[in-house]
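This report refers to the structure that appears directly beneath it.
The values are calculated or read from the model by the stated rules, or taken from the named source; none is laboratory data. Note that the structure is a prediction, hence the values are computed from the model and not measured. Cβ placement follows ideal geometry from the backbone for every residue including glycine, while neighbour counts extend to all protein chains displayed. Calculation scope for accessible area: heavy atoms of the full protein, side chains included, ligands and nucleic acids excluded. Shrake-Rupley method; radii C 1.70, N 1.55, O 1.52, S 1.80 Å.
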Amino acid sequence: MGPQQGSFLKVKLQLWASSLAFHPTPPSQAAAAVQGLGLSGIEFLCEPPWTPDRWTPEVVEQARRSPLRWSLHAPVSDLHLLSLVPQVQKATQQVLERTVDLAEKLGAQTVNFHLGLRSLMGLGSSGDDAKAQTFAKALNRKARRARVTLTLENDPPLPGAHLADLQNFARWLGELEIPGTLDLGHAWLAHGPKLLELLPTVLPYLHAVHLHDNRGAWDEHLALGEGSIPWPELWPLLRAIPVLVVEAKDEGALRKSLDSICGLEQGH
């Protein structure tokens, strides 16, 4: 950790890192790496091989020894709460429930989840949305009983994605009464420069933001400053969000992002 990274993190920002930079490192090892960077917490990506069913009691206990705050990013691969296939929807619900159960055992503060994509081969309806919303509200009640904050994340602009548009994202958050995790890279892909005027409308709904960069074509998870996102213009708004999570693709991009954040803070 460089000298810059120690000074502002202590007093100004609740800055976390996603385990994406270290995947598929075991949870305790990823946490140790994040702690070594002087950060406040880790958002652990529960993708294979670390889906909730693979966390043995020993893995949970090792992770609990870390002084970091924890968040769990629920699995995304092959899971679609908006699926038109009942069996897929049920399996998704079960995995999300198990992620909340794991968060309770771990003492994690947050579980973040995606709706997933809907196949364009089927015809969706408002009734399908209603089923997903009913489950999301029930999952939120379960999370509250476990003293876990449930957050919903916006999607990249892919075919079948419901929550790429920030206005629709804000509407869902308001209707569900669930706070949001704003993935800024996804939002930039969806809106480009218009993001600057749309961001204030979604800010009141947010608990966290994922920080990473891209060049406007696909979800690259670059270091901040390596893509086309105008960080200096956005930073005064972003730094007011309760939790900032750097979601870089590897450790090098994570370290570069921390250096960029130091520069942004100095210019604030």
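Taking the criterion of being open to solvent by 10 Å² or more (accessible area, probe 1.4 Å) and part of a loop (DSSP other than H, G, I, E, B), the residues of the range 198-228 that qualify are Arg215, Gly216, Ala217, Trp218, Asp219, Glu220, His221, Gly225, Glu226, Gly227, Ser228. Would you confirm whether or not the range 150-164 contains a residue that is within 18 Å of Glu97 (Cα to Cα), hydrophobic (A, V, I, L, M, F, W, C) and part of a helix (DSSP H, G or I)? The answer is no; no qualifying residue exists.
All conditions but one from (1) at pLDDT below 95; (2) open to solvent by 40 Å² or more (accessible area, probe 1.4 Å) apply to Glu265; the one that does not is (2).
Scanning the range 158-167 for residues that are closer than 17 Å to Phe113 by Cβ and either of a type in the set (A, V, I, L, M) or at pLDDT 95 or above (or both) gives Leu158, Ala161, Leu163, Ala164. So, in the range 69-114, of the ones that are part of a loop (DSSP other than H, G, I, E, B), at pLDDT 95 or above and touching a Phe, Trp or Tyr at 6+ places or on another chain (Cβ under 8 Å), which residue ends up surrounded by the fewest Cβ atoms within 10 Å (Cβ to Cβ)? That would be Gly107. The set of residues in the range 229-262 that are among the charged types (D, E, K, R) and either at pLDDT below 95 or open to solvent by 70 Å² or more (accessible area, probe 1.4 Å) (or both) comprises Glu233, Arg239, Lys249, Glu251, Arg255, Lys256, Asp259.
Checking each residue in the range 1-32 for being assigned to a helix (DSSP H, G or I) and at pLDDT 95 or above picks out Ser19, Leu20, Ala21, Phe22, Pro27, Ser28, Gln29, Ala30, Ala31, Ala32.
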